[in-house]
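Engineer: My questions will all concern the structure given below.
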Amino acid sequence: MKKASGAQIEFILWDIGEVLQFPFERVFLQELAKMVRVDFQTLWQIRRWGELVSGKISERDYIRVYVGRFNLSIAEVQQLYDSYFYLSLDETLAILRRLPFLGHGILSNHYSRAWEWLRRHDLLDMIPESHILLSSEIGVAKPDVAAYELALKRLNKDPGSIVFIDNMQRNLVPAQILRMHAMRFGSPIQLCGELARLGVHGLLAS
């Protein structure tokens, strides 16, 4: 992790997918590949996730790719998708909940159904709606620097007081350019260690 300025940490800006939320799309496609007896990479290559999270297509359009290609019903593909969508990475959520006196926000390449996920896990009690930026709604996706600039405008914080957490290295670069602390998420244990090195001490104890 690259350190920004020496400002005290006041705010954590979280990604959702594979940081707070279970890697549902990957597992959905793995299970679908078994169902239709094709290689996982075949499904991965025809996925339309990028269009979904940019707001260009609906979730139903995303599902229809697999329905049409493999002669499946919308209902059975949707059921499989839904069975993983609401799962979370519980240990990471626990860390977030142990930091109630820090501000929290979301900057994620995600689509409108993420609001349901956030609501189901009671995160809207901790995160103001104005601090939740989803690519499908703001019209720009990471790693475009414009997404991070919009986040800073919404948060109205010193960039050096913000920790940005994402699971993809390329998404960290714009945060570093804008002088935020940029942390690549690997595991809850690693996350705790990185936060401690930034001076977030004693906040992760149960």
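So that you can scan it fast, the table gives a plain yes or no per residue for (1) farther than 17 Å from His110 by Cβ; (2) touching a helix residue (DSSP H, G or I) at 6+ places or on another chain (Cβ under 6 Å):
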site: Gly17; (1), (2): no, no
site: Phe28; (1), (2): no, yes
site: Leu43; (1), (2): yes, yes
site: Val53; (1), (2): no, yes
site: Ile63; (1), (2): no, yes
site: Arg69; (1), (2): yes, no
site: Ala75; (1), (2): yes, no
site: Tyr86; (1), (2): no, yes
site: Thr92; (1), (2): no, yes
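Each row is one residue, and each column tells you yes or no for (1) of a type in the set (Gly, Ala, Ser); (2) in the same structural domain as Ile138 (by TED's automatic domain parsing).
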residue: Asp15; (1), (2): no, yes
residue: Ile46; (1), (2): no, no
residue: Gly50; (1), (2): yes, no
residue: Lys56; (1), (2): no, no
residue: Phe70; (1), (2): no, no
residue: Ser73; (1), (2): yes, no
residue: Val77; (1), (2): no, no
residue: Gly103; (1), (2): yes, yes
residue: His121; (1), (2): no, yes
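Engineer: Are any residues in the range 32-54 closer than 20 Å to Leu72 by Cα, exposed (fewer than 14 other Cβ atoms within 10 Å of the Cβ) and not hydrophobic (A, V, I, L, M, F, W, C), and if so, which ones?
Structural biologist: Within the range 32-54, Lys34, Arg37, Asp39, Gln41, Thr42, Gln45 meet the criteria.
Engineer: Now, a different point. With the checklist (1) under 16 Å from the mean Cα position of the chain (by Cα); (2) surrounded by 17 or more Cβ atoms within 10 Å (Cβ to Cβ) in hand, flag the one item Pro159 doesn't pass.
Structural biologist: (1)
Engineer: What single numbered condition from (1) over 21 Å from Pro188 (Cβ atoms); (2) in a loop (DSSP other than H, G, I, E, B); (3) of a type outside the set (Val, Ile, Thr) fails to hold for Asp61?
Structural biologist: Evaluating Asp61 over (1) over 21 Å from Pro188 (Cβ atoms); (2) in a loop (DSSP other than H, G, I, E, B); (3) of a type outside the set (Val, Ile, Thr) leaves (2) as the failure.
Engineer: So, in the range 9-49, how many residues would count as being more than 12 Å from the chain's Cα centre (by Cα), in a strand (DSSP E or B) and not hydrophobic (A, V, I, L, M, F, W, C)?
Structural biologist: Qualifying residue count, the range 9-49: 0.
Engineer: Follow-up question, since we're still on this one. Here are Arg154, Arg113, Arg119, Arg98: which of them is among the basic types (Lys, Arg) and under 14 Å from the mean Cα position of the chain (by Cα)?
Structural biologist: The unique qualifying residue is Arg113.
Engineer: Related question: Considering only residues that are surrounded by fewer than 13 Cβ atoms within 10 Å (Cβ to Cβ), of a type in the set (S, T, N, Q) and either in contact with a Lys or Arg (Cβ under 9 Å, 6 or more places away or on another chain) or at positive phi (or both), which ones fall in the range 55-84?
Structural biologist: The one that is surrounded by fewer than 13 Cβ atoms within 10 Å (Cβ to Cβ), of a type in the set (S, T, N, Q) and either in contact with a Lys or Arg (Cβ under 9 Å, 6 or more places away or on another chain) or at positive phi (or both): Asn71.
The values are calculated or read from the model by the stated rules, or taken from the named source; none is laboratory data. None of these values were measured; they are calculated from a predicted model. Note that each Cβ is placed from the backbone with ideal geometry, even for glycine, and that neighbours are counted across all protein chains shown.
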